[in-house]
Amino acid sequence: METDEELSVVLELPNDDIFYDKKEKLLQIKGFSPNERIYLRHSSEPGWMSAIVKVLVQIARIIHLNELELYFADDVHSSGEFYSPRNELEALNFIVSLIDTLLSSCKHWHTNVLQELQTTILGLISDFGDKNGMKAIVEKDHFCDQEELLLEWGKSNGVRTQLQIAYVKGAGRGAIAEKDLKVGDIALEIPVSIIISEELVLETDMYNVLKEVDGISSETILLLWSMKEKHNSNSKFKIYFDTLPEKFNTGLSFGIDAITALDGTLLLEEIMQARQHLHDQYDELFPALCTAFPDIFPPKLYTWEHFLWACELWYSNGMKIMFSDGTLKTCLIPIAGFLNHSLCPHIMHYGKVDTAANSLKFRLSRPCRSGEECCLSYGNFSSSYFLTFYGFLPQGDNPYDVIPLDIDSTEDKSMSSSTTHMVRGTWLSNNHNMYYYGLPSPLLDHLRRSRSPMLRTKTYLQGDLENELEILEDLRSIFDKMLDGMDETSLDNREMWSWDEKLAHEYKFQQRRIVSSISTSCLTGVDMAKNELCKCLAEDSLG
Ligand SMILES: C[S@@+](CC[C@H](N)C(=O)[O-])C[C@H]1O[C@@H](n2cnc3c(N)ncnc32)[C@H](O)[C@@H]1O
């Protein structure tokens with residue numbers, strides 16, 4: 001919005017945001033309203049631009065917090081807050097789009113300010129990517145003949161790409177930028193006609209049989225179709241199926257030694273349950289379908305091993321896509337399936353078909369230089385989820401690596417009864433002061449209230465400090481027990497391990513690091529609270 005003299009922008013927290021109240025409160029704590037107008041005034045003062053940028057970024061970050069980030073957001077007045085790479089990129093891209101809108105409609109005398117602002121924000125995005133993105137090592141001695149064939153096939157079917165396929169260290173194939181790509185560029189465009197979705201199955205004999213099976217989902221139907229289509233030499237997608245790995249190596253196919261190595265972690269139970277669920281699903285369908293319809297379900301293609309392969313294919317390569325008619329379907333997307341995951345991705349939004357072009361566009365949210373690997377975000381998942389369903393542990397600090405706590409929060413009147421309490425590595429928090437300790441405030445507040453419902457807020461009075469000591473001791477004992485249950489793991493002999501043992505030990509190492517950071521933070525908190533309590537008692541005895 002602009003007048004002849006004044007150029008301004010309103011950063012609005014949408015009324016329909018499901019976390020409106022919590023975000024409004026955070027904005028207020030930082031001194032902003034949910035409809036904050038920022039004047040974009042050029043000034044001769046040095047630093048005028050960074051002052052504007054600081055405010056814009058602070059507000060944009062809060063507007064774009066997701067549920068988990070909100071849970072861990074400190075409710076204290078401090079500037080320069082950082083929540084997660086996802087949030088940071090989302091916030092900065094939001095400002096870029098606001099400036100784009102202003103630039104498209106503004107008076108020419110304002111364009112200089114806006115362009116300068118645009119350049120500053122794009123610079124921040126680029127710096128952020130340089131600092132937080134992992135640089136993949138391209139393995140030049142691996143050939144990608146089949147992948148090249150798939151690319152050619154794709155291009156002849158309307159694919160447009162600025163990416164090449166190559167092997168990258170530790171991640172199989174990946175997509176490498178052919179030239180410098182900037183924010184807003186489309187790295188890859190896939191026409192809907194080559195997306196593998198349930199439409200393909202509808203006209204088949206297999207569908208006529210499976211639609212009669214009680215409770216079967218369209219995802220399972222497509223999975224069973226892909227098991228057979230993989231071996232169909234006349235398939236339209238033969239070149240795609242030929243590029244798929246023979247083995248996926250996800251947590252679902254962990255051997256007994258790797259499973260045993262997970263002892264003491266929650267992941268052991270999660271993997272066992274996921275496998276049991278798949279086994280049950282398989283046993284419900286087979287061998288019955290092979291016996292009743294051997295032509296449609298040839299027994300040699302529908303073994304448990306083939307079924308597990310297909311499950312791993314769909315878990316690790318399936319993408320949820322919103323089509324132009326509004327339906328959401330899990331799909332396999334040739335070529336896009338080469339994009340690896342990053343915690344600081346280049347591409348954040350790709351799940352919606354562009355109706356005008358009838359294609360899926362992979363647009364960049366941060367620049368990718370020529371020769372650099374271009375990565376997606378697969379979603380905000382924990383490392384245990386990535387390990388189980390994708391077979392890797394993301395490099396770097398994963399903000400979604402949380403340990404859920406089984407604490408009944410129904411008595412907590414200030415929050416919805418569905419609040420799930422959790423913790424994560426306390427090194428991720430900026431606030432390790434008294435009453436915070438790097439631990440999430442909603443958890444601490446809940447524990448404080450359940451011990452002492454009439455609690456005053458965070459005072460240095462004897463009762464509060466004693467309460468504080470007790471909750472920290474209780475928490476610490478939970479995490480010390482957890483640590484005792486996980487024997488120490490050393491990564492020194494990783495060269496001797498099989499792929500699955502390596503992943504299991506790395507995972508356990510990460511979990512121990514998280515748990516021990518929480519225990520240490522509790523202990524530091526206990527020391528702080530004891531210190532304050534001593535001071536308080538000393539003052540009382542003096543006074
Ligand atoms: C959609 S595919 C990506 C292409 C895959 N690299 C390939 O060669 O087919 C997903 C799989 O890639 C691998 N992957 C993706 N991101 C990764 C990462 N950041 N680190 C290691 N492996 C990764 C995992 O094996 C995962 O199951």
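Every read-out reported here was derived from the displayed coordinates using simple, explicitly stated rules and does not represent laboratory data. Model, not experiment: these values are computed from the prediction. Quick reminder, even Gly has a Cβ in these numbers, built from the backbone with ideal geometry, and neighbours come from all protein chains shown.
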Task: All Cα pairs of the chain, percent lying beyond 32 Å - done: 55 percent
Task: Anisotropy class of the stretch 339-392 from Cα gyration tensor, a/c 1.5 cut - done: oblate
Task: For the stretch 402-542, the spread of Cα positions along each principal axis, largest first, Å - done: 64, 37, 25
Task: Rough spin-label spacing in nm, given labels placed 7 Å along Cα→Cβ, for D16 and E269 - done: 3.9 nm
- [ ] Please report the relative contact order for the chain, taking Cα pairs under 8 Å with a sequence separation of at least 6, and give it as a percent rounded to a whole number.
- [x] 14 percent
TODO: Apply the Kirkwood formula to the stretch 139-390: the hydrodynamic radius equals the inverse of the mean of 1/r over all pairs of different alpha-carbon atoms; give it in Å with one decimal.
DONE: 19.5 Å
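Quote the convex hull volume per residue of the stretch 8-132, based on C-alpha atoms, as a whole number of Å³.
Once divided by residue count, the hull of the stretch 8-132 is 110 Å³.
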- [ ] Could you list the trypsin sites (Lys or Arg not before Pro) in the stretch 333-397 that lie in coil according to DSSP, counting only those with at most 16 other Cβ atoms within 10 Å of their Cβ?
- [x] R369
Open item on the list: Quick check: the angle from helix 48-63's long axis to the longest principal axis of the chain, C-alpha only, nearest 10 degrees?
Closed with: 70 degrees
TODO: At q = 0.12 Å⁻¹, work out log10 I(q)/I(0) for the stretch 58-193 with the Debye formula, treating every Cα as an identical point scatterer and leaving solvent out; two decimals please.
DONE: -0.73
- [ ] Over all directions, average the projected area of the Cα convex hull of the stretch 287-334 and note it in nm².
- [x] 4.8 nm²
- [ ] Check each of the trypsin sites (Lys or Arg not before Pro) in the stretch 36-131 and keep only those in coil by DSSP with at most 10 other C-beta atoms within 10 angstrom; list them in order.
- [x] K107
- [ ] Would you calculate a helix-derived [θ] at 222 nm for the chain, using -39,500 (n - 2.57) for each DSSP H run of n ≥ 4 and dividing by the full residue count, to the nearest 500?
- [x] -14500 deg cm²/dmol
TODO: Working from Cα positions, state the angle (0 to 90°, nearest 10) between the long axis of helix 266-285 and the longest principal axis of the chain.
DONE: 30 degrees
